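Let me begin by presenting the structure, written as structure tokens, before commenting on it.
Laboratory data are not the source of any read-out in this text; all were calculated from the coordinates shown. Note that the coordinates shown come from a computational prediction; the quantities given were computed from them, not determined experimentally. Every residue, glycine among them, receives a Cβ derived from its backbone with ideal geometry; neighbour counts consider all protein chains shown.
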Amino acid sequence: MCGLTFPADENVLVGLNEPDDAGVYRITDDIALIQTVDFFTPIADDPYRFGQIAVANALSDVYAMGGRPVTAMNLVAFPVKDMDLAILRRILEGGIEKMAEAGVSLVGGHSVEDKELKYGLSVTGVVHPDRILTKKGFRPGDKMILTKPLGTGIINTAIKAGMASAEIIEQVTENMARLNRDAAEVMLNYRVRACTDVTGFGLLGHLCEMVVDSGLGLRVFADAVPVYPEARQYAAMGLVPAGTYNNRAFREAFVTFDDKVDAITRDILFDAQTSGGLVIVVDPGNADALLKDLRARGIPDAAIIGDVVSEPGEKIRVNR
Amino acid sequence: MGDIIDARGLACPQPVLMTKKALEGMEEGSFTIVVDSAISKDNVVRFATSQGCDTRVEEKDGEFHVHVVKGGAENTPGEEVKEAPASNIAVYVHSDRMGQGDDALGRILIKGFLKTIKDVDPKPRRMIFVNSGIFLTTEGSEVIDALKELEEMGIEILSCGTCLDFFNRKDALKVGLASNMFDITSALMEADKVVIP
């Protein structure tokens with residue numbers, strides 16, 4: 001939204017002038033509020049699962065800022081004339097279960113009648129003002145870790161097409177419903193320089209947001225990136241969502257692919273994710289220890305996927 | 001040149017599904033599918049290629065005409081493609097019983113019905129299991145082997161995903177694929193005949 005002036009006082013630590021995963025506002029020298037909102041249309045057939053995923057997705061922005069979510073408000077759009085209220089109840093039950101798991105208090109909400117069902121949260125978290133993690137602040141040599149596999153956009157398209165197997169549907173649903181809390185808690189024990197979560201722009205789209213105005217570049221090792229094997233199979237069958245193509249078209253100028261990186265891998269690296277993992281940029285001396293710790297906390301897919309380079313600046317290079 | 005399929009204005013994965021359907025309905029031949037976005041064009045070309053077909057794309061006034069050719073010596077099939085039966089009959093199993101009256105009798109009859117399909121002609125193209133019908137495709141069913149045999153013959157076996165969830169039998173599916181309402185509705189609409197036991 002170019003040309004708009006956003007109101008902000010001196011306590012806005014992260015605002016729209018440098019958009020990040022969430023806004024951050026200083027309350028005292030020790031406490032800053034993190035605020036974020038996210039909602040979307042159903043991503044799973046099962047209403048309970050959809051509720052869980054919507055909440056895991058909304059809370060993720062707080063974790064990506066290095067914070068702890070504390071309160072939430074429900075946002076509901078529901079076609080009350082055409083749909084059974086029992087479905088809404090199941091969605092909310094799934095959401096509440098996730099909030100309880102995250103230790104978040106539900107303190108309110110708002111619902112409207114709408115033709116299309118939507119659910120999500122407005123979330124408030126807290127963080128120490130000196131410990132905010134943004135998309136900036138990384139240095140040459142830092143390593144990048146990704147905590148969840150890529151491919152949910154493609155697999156969700158295969159699900160819509162009725163071509164996905166029951167096993168992969170379950171696996172992907174489980175992963176989307178999984179909180180990024182454990183990964184966030186683990187990373188706070190290490191020298192982490194920057195963090196973001198992977199959602200609609202895809203991995204490379206979100207990495208582009210990191211390199212813009214940073215003066216530095218990023219290098220991604222495609223073979224090291226965790227990917228659902230089924231996503232490759234479905235992408236080869238043309239089950240690639242429009243969002244993924246759009247991500248590529250929009251950000252391709254920032255990315256240089258090595259010739260050995262095939263077209264399907266390129267799509268997967270741009271694949272729009274729902275409730276994806278965290279990208280954690282960490283001091284190189286800490287990377288192996290952090291990775292080991294993440295895996296020990298039950299995040300088996302976590303992997304070092306690349307590093308920060310000084311040249312070429314403002315670009316992403318993808319090698320095999 | 002074969003049929004023309006109009007997939008303009010449709011979002012992914014619909015054009016791919018239409019291509020899939022068209023390919024399933026033919027042994028050999030060609031058709032043209034018209035799409036109005038580069039995204040759909042790429043996806044259709046990919047799908048057809050993955051099914052061992054040749055494609056040629058013409059761009060006309062912002063629309064893409066994708067010519068798909070199936071069969072012929074120069075084709076190297078990508079994945080193994082099962083030949084679907086020639087009929088376009090859908091069997092819609094909406095209960096774990098056949099007929100009304102006595103439930104115990106109904107359960108015996110439905111087993112008999114499903115075991116007999118392999119011996120009759122024409123055979124269905126798809127079999128769709130919804131509501132308590134999914135007890136026939138999940139663990140504990142006595143007709144799993146019979147259904148697997150039908151699947152081997154190229155008959156698509158689909159179980160309603162919402163129903164599997166509802167009965168908490170998502171992990172118990174033993175034959176065919178879990179499906180969704182979009183797929184099930186289109187399968188019923190496009191069928192020449194729907195058989196309800």
Practice task
Indicate the gyration tensor shape class of the range B:3-70 (rounded, prolate or oblate), computed on the Cα atoms with a ≥ b ≥ c the square roots of the eigenvalues: a/c under 1.5 is rounded; otherwise a/b larger than b/c is prolate and the rest oblate.
Solution key: prolate
Exercise for the section: Using a 10 angstrom cutoff on alpha carbons, build the Gaussian network for chain B and name the most mobile of B:V91, B:V57, B:V143. Expected result: B:V57
Practice task
Quick one: how many lysine pairs does the range A:143-319 have with C-alpha atoms less than 30 Å apart and a gap of 8 or more or different chains? Give me the count, please.
Solution key: 10
Practice task
Take chain B, connect every pair of alpha-carbon atoms lying under 10 Å apart with a spring to form a Gaussian network, then pick out the residue of B:E139, B:E27, B:E58 with the largest mean-square fluctuation.
Solution key: B:E58
Fill in the blank from the handout: DSSP beta bridges in chain B: the antiparallel percent, rounded to 5, is 45
Completion exercise
At the level of C-alpha centres, the distance separating the range A:176-242 and the range A:99-156, in angstrom, is 13
Exercise for the section: Compute the distance in nm between two label points, each set 7 Å from the Cα along the Cα-to-Cβ direction, one at B:D171 and one at A:V212. Expected result: 4.3
Problem - Folded to 0 to 90 degrees: helix B:38-50 orientation relative to chain B principal axis, Cα - result: 70
Exercise for the section: Apply the Karplus parameterisation 6.51 cos²θ - 1.76 cosθ + 1.60, with θ equal to phi minus 60°, to every residue of the range A:53-59 and state each ³J(HN,Hα) to the nearest whole Hz, in sequence, with x for glycine and proline. Expected result: 5, 4, 6, 4, 5, 5, 5
Practice task
Provide a whole-number value for the mean count of partner chain Cβ atoms within 10 Å of the Cβ atoms in peptide B:39-48.
Solution key: 5
Exercise for the section: With a ≥ b ≥ c taken as the square roots of the eigenvalues of the C-alpha gyration tensor of chain B, please select rounded if a/c is under 1.5 and otherwise prolate if a/b is larger than b/c or oblate if it is not? Expected result: prolate
Practice task
Can you pull the one-decimal nm distance between simple spin-label points at A:H128 and B:E152, each 7 Å off the Cα toward Cβ?
Solution key: 6.6
Exercise for the section: Round to the nearest 10 and give me the degree value, 0 to 90, for the angle of helix B:103-116's Cα axis relative to the longest principal axis of chain B. Expected result: 40
Completion exercise
D (µm²/s, integer) via Stokes-Einstein for the protein assembly as shown, Kirkwood Rh across alpha-carbon pairs, 25 °C, 0.890 mPa s: value 98
Completion exercise
Amide H neighbours of A:G66 at under 5 Å, excluding residues fewer than 5 places away on the same chain, with H built from the backbone geometry, are A:L133
Completion exercise
Here the tail fraction of P(r) beyond 19 Å, over all Cα-Cα pairs of the range A:12-131, rounds in percent to 46
Handout entry: Candidate lysines - alpha carbon under 23 Å from A:K81, same-chain residues fewer than 8 apart omitted
Key = A:K115, A:K118
Exercise for the section: Tell me which residues come under 5 Å, amide H to amide H, from B:S37 once H is placed; ignore anything under 5 positions away on its chain. Expected result: B:F64
Handout entry: Residues listed by number, the range B:5-25, amide nitrogen under 13 Å from B:E63 label point at 7 Å toward C-beta
Key = B:5-10
Exercise for the section: Identify all lysines with a Cα-Cα distance to B:K123 below 25 Å; exclude those on the same chain that are fewer than 8 residues away in sequence. Expected result: B:K20, B:K21, B:K70, B:K82, B:K111, B:K115, B:K148, B:K174, B:K193
Practice task
Name the residue, out of A:R191, A:R181, A:R248, whose mean-square fluctuation peaks in a Gaussian network model built on chain A with Cα pairs under 10 Å.
Solution key: A:R191
